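Step one of this worksheet: look at the structure below.
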Amino acid sequence: MYSTMHNCLRLSRKTSVLVLIIILAISSAAFALDLETARSQGLAGETDSGLLAKPPGADNAAVSLITTVNAQREAEYTRIAAQNSITSEVVGKMMFEKIFTKLPSGTWVRVNGSWSRK
C-alpha cells in the first residue's frame with residue numbers, strides 16, 4: 001500500500017512539474033514581443049538598410065526579436081538578390097522604401113546613420 005501511494009505521489013509530482021513547465025511556456029509565448037509592439041513601444045526601429053536596430057534609449061527587451069527578424073530578412077534579401085543579379089544591400093534599401101511607407105507616425109527610423117521619428 002505504501003509503495004503504491006509513494007508511486008502515485010511521485011507521478012503526481014512529475015505531473016505537477018510538467019504542468020508548471022507547460023504553463024510557463026505558454027505564458028512566455030503570451031508575453032513574447034511582436035514586431036509591431038516593439039516598434040510602437042520604441043524598442044525597435046527600421047533602418048535604411050532594410051534591417052531593424054535598437055533605437056536610442058531603448059532597453060534590450062527586443063534584442064532577440066531584432067536578431068531573429070534581421071536573420072529572416074537577410075535570408076530573403078539574399079534570395080531576391082540572387083534571382084535579380086543585384087546585391088542584398090540594394091534589395092534591403094528597396095525594401096526599406098516599402099516598409100517606410102507603411103510605418104505609423106512615431107516609429108523610429110535610421111536614415112544615413114541618424115535616428116528620428118517618422
- Task: Show which aspartates and glutamates lie in cross-link reach of K118 when reach means a straight Cα distance below 17 angstrom and same-chain residues fewer than eight apart are skipped.
- Result: E36, E46, D48, E97
- Message: At 7 Å along Cα-to-Cβ for each site, give me the label-to-label distance between K118 and K93 in nm.
- Response: 2.0
- Work out, step by step, the length gained on full extension between T78 and F100: first 0.36 nm times the residue separation, then minus their alpha carbon distance; give nm to one decimal. 5.9 nm
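Let me check against my output: what whole-number percent is the relative contact order of region 35-115, with C-alpha pairs under 8 Å and at least 6 apart? Provide the component values of the computation, followed by the final result.
Details: 100 pairs, mean separation 31.7, N = 81.
After rounding, I find 39 percent.
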- Mind listing the Cα extents of region 58-116 along all three principal axes, in Å, largest one first? 37, 24, 20
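Read-outs: derived from the displayed coordinates by stated rules, not from any lab. Just so you know, these numbers come straight off a predicted model, no measurement behind them. All Cβ positions, glycine included, derive from the backbone under ideal geometry; neighbour counts span all protein chains shown.
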